[in-house]
Structures are given as structure tokens and as C-alpha cells.
Amino acid sequence: MPLTIYILCYNRPDFARLSILSVLAQTCNRFTFIVSDHSTNDAVQKMVSRDFPDITYIRRSPALKHLEHFNACIEEVQTDYYCLFHDDDIMGSDFVKVMLESIFKYSAAAAFACNAYIESHGKIEPRLAFLSRKKYELINTPRDLAKRYFSRNQSGIAPNPSYIYSRRLAGYQRFLVDGGKYADVSLLLDILQRGPIVWVNSPLITYRMHGNNLGSVESFPDRLRFLGYLKKYRVMFGEEILQDYRCSFIYKSILKSFPRPHAKRAKVARSFLNAYHLCLYTRLSSYQALLARALVKWAPHDLW
């Protein structure tokens, strides 16, 4: 089998059951399937034993930290490619088929990901995770990926659970255990130094946002930690990325947190943001990004 799919589970048996069913419903069965459970209770284990007795199940005991769990799975992979899927997301039935076709087409790529439907608190949003007029989006440099995550007016990103990694090119990389919420982004930025990343425009998963997942939790310390990462490699990313990140992820949060007694500090923050916005709209790249979004939004679907 060329691919291993892990479902990483943590204390969510009802979500995990639906995720497992979506993997078992794949139209292409050229993969090895493993449920990896680092729950603090035995609810997932009981559900798997009862409903899916024939699948491979691994219990991580004592429970690992979130990013340690990811790394443990990477250490065990024996196939050429691997996917670290989340227990609260749903895999479309053609995910494996289409992604393997993409791997065959771009065999030199270090990682692959796909578009996604976004389910927010039980409702499918009208937008997709990212917009593109191409069947495949090729990301060749860390700066290109950082722009898609942090620059203003960009067209969205491929969600982390959709990624398939090449063991040959990316398997040596590990998630930084103390990397916080943005450890997945820093991992991808590092992987890009070994090979390109391919995004498939087809929405092949449903990315579920709810009150009990990491994507819904903001962490200011994690934002500061990732700012340090960007500053460390500022030559590679460029000053524009740093400015955009500071504005959107640092200074706006600081401004919102100011209580009324600190009106003078808020005034200073607003002055900084006003100066930033003035600089932003003198950049040619800002208008190029806005134009690209408009073209994709209004393009006929047969161009996607």
C-alpha cells in the first residue's frame, strides 16, 4: 500500500465514529488505515472495539500531548506517504483516489493537500477553504505559503487535516512539541525547503469547526511564539509578511484587549494600525490579491 491514513483521536468517540466511517467508505482502497488514540479515557477504545473490531487500533497510554501524538505516528510510518487525519473531520469518498492521482502527477512534491467544505457549528458555509481557478495550486517557496496564511486579502488555505506527506521528503520533519497552535504552519514552511506543496482544488474533506477543537481557540502566547519564528527567518519571508502578521494577529488583538482606562495606549495602537493600512494600500501586491480573489469568485465553475 502506498499510503497510511491515521485518524488521531482524543476523547471524542461520536466524532471519531463518523470520521472512521468516512475513511472506510473510500472508493479507492489503496491505503493502510490506523486509528491512533491518545484519549484520557476509554470511550474511543470501547467504540472502536464495538463498531469496528477489524480495523487497526493503537492506544497511546499514558496519553501523549497533542503534537507528541502527531510525531509518534510519523515515527511509525512504513509507507511512502502518510496522512494525519483528525477525528472530528469527514473525508469525502474520493479523497484517496484523487489525492493518489495528484501524487502520481507531481511525484517530486513533498506534501499534498486539498480544498474543503467548512462546517461551522453544524452548518456548511457557502465558501470553500480556499479559492482557485486552477485544478492544482503549486506552492514552491516558504514565502508563497506564508503569504497565503498571513498576508491581507489572500484567498484562503488548505486545512491541515487534508495534508498527505511524502515520507522520503517530509518524513524527517517533526512537529515542535512546544510550537503551539501554529506548529503545523512552521512544519509546512520547513518542508517547503525540501520540495513543493500541491493543493488540489477539489473539496475532498469537510473541515468541522466547533467549540471543542483547537481551530476555535486563539492563543496570544502562541501568536507571539510564531512571530519569533517569522522574525528568525525574516530574510526568507520578507518584511511585508512580518508587517501583515503583526497587524492581523498581534496589534489588533492588543487593541481589542485594551480596557477603557488605557485610552492613551489604544490611541497609540490605532495610530500604528492607521499607518500600516496606509502602507498596505500603496502596495501593488494588495491590489493584485484583491483582483485575484474577485476573478476566482466570479469565474465560471468550469474554470476551477
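The values are calculated or read from the model by the stated rules, or taken from the named source; none is laboratory data. Nothing here was measured: the structure is a model prediction, and the numbers come from that model. Using ideal geometry, Cβ is built from the backbone for each residue, glycine included, and neighbour counts are taken over all protein chains shown.
In the set (1) assigned to a strand (DSSP E or B); (2) free of Cβ contacts under 8 Å to residues at least 12 places away in the same chain; (3) of a type in the set (Asp, Glu), the condition left unmet by residue 119 is number (2). Filtering 225, 265 for residues that are in a helix (DSSP H, G or I), closer than 18 Å to residue 146 by Cα and either modelled with pLDDT under 85 or outside the structural domain of residue 122 (by TED's automatic domain parsing) (or both) leaves a single hit, 225. For segment 136-145, the count of residues that are touching an Asp or Glu at 6+ places or on another chain (Cβ under 6 Å) and either over 25 Å from residue 3 (Cβ atoms) or assigned to a loop (DSSP other than H, G, I, E, B) (or both) is zero.
The condition of being modelled with pLDDT of 95 or more and under 18 Å from residue 162 (Cβ atoms) holds for only one of 31, 52, that being 31.
A quick yes/no check of all residues on (1) more than 22 Å from residue 195 (Cβ to Cβ); (2) aliphatic (A, V, I, L, M); (3) in a helix (DSSP H, G or I):
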residue: 18; (1), (2), (3): yes, yes, yes
residue: 41; (1), (2), (3): yes, no, no
residue: 44; (1), (2), (3): yes, yes, yes
residue: 47; (1), (2), (3): yes, yes, yes
residue: 58; (1), (2), (3): yes, yes, no
residue: 73; (1), (2), (3): no, no, yes
residue: 85; (1), (2), (3): no, no, no
residue: 104; (1), (2), (3): no, no, yes
residue: 115; (1), (2), (3): no, no, no
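One residue stands out in segment 1-22 among those that are within 14 Å of residue 100 (Cβ to Cβ) and among the β-branched types (Val, Ile, Thr): the one that is nearest to the chain's Cα centre (by Cα), namely 5. For residue 10, the criteria (1) among the hydroxyl-bearing types (Ser, Thr, Tyr); (2) free of Cβ contacts under 8 Å to residues at least 60 places away in the same chain; (3) surrounded by 20 or more Cβ atoms within 10 Å (Cβ to Cβ) hold in every case but one, which is (2). Please work out if residue 63 is among the small types (Gly, Ala, Ser), in a helix (DSSP H, G or I) and more than 18 Å from the chain's Cα centre (by Cα). Against the criterion (among the small types (Gly, Ala, Ser), in a helix (DSSP H, G or I) and more than 18 Å from the chain's Cα centre (by Cα)), residue 63 does not qualify.
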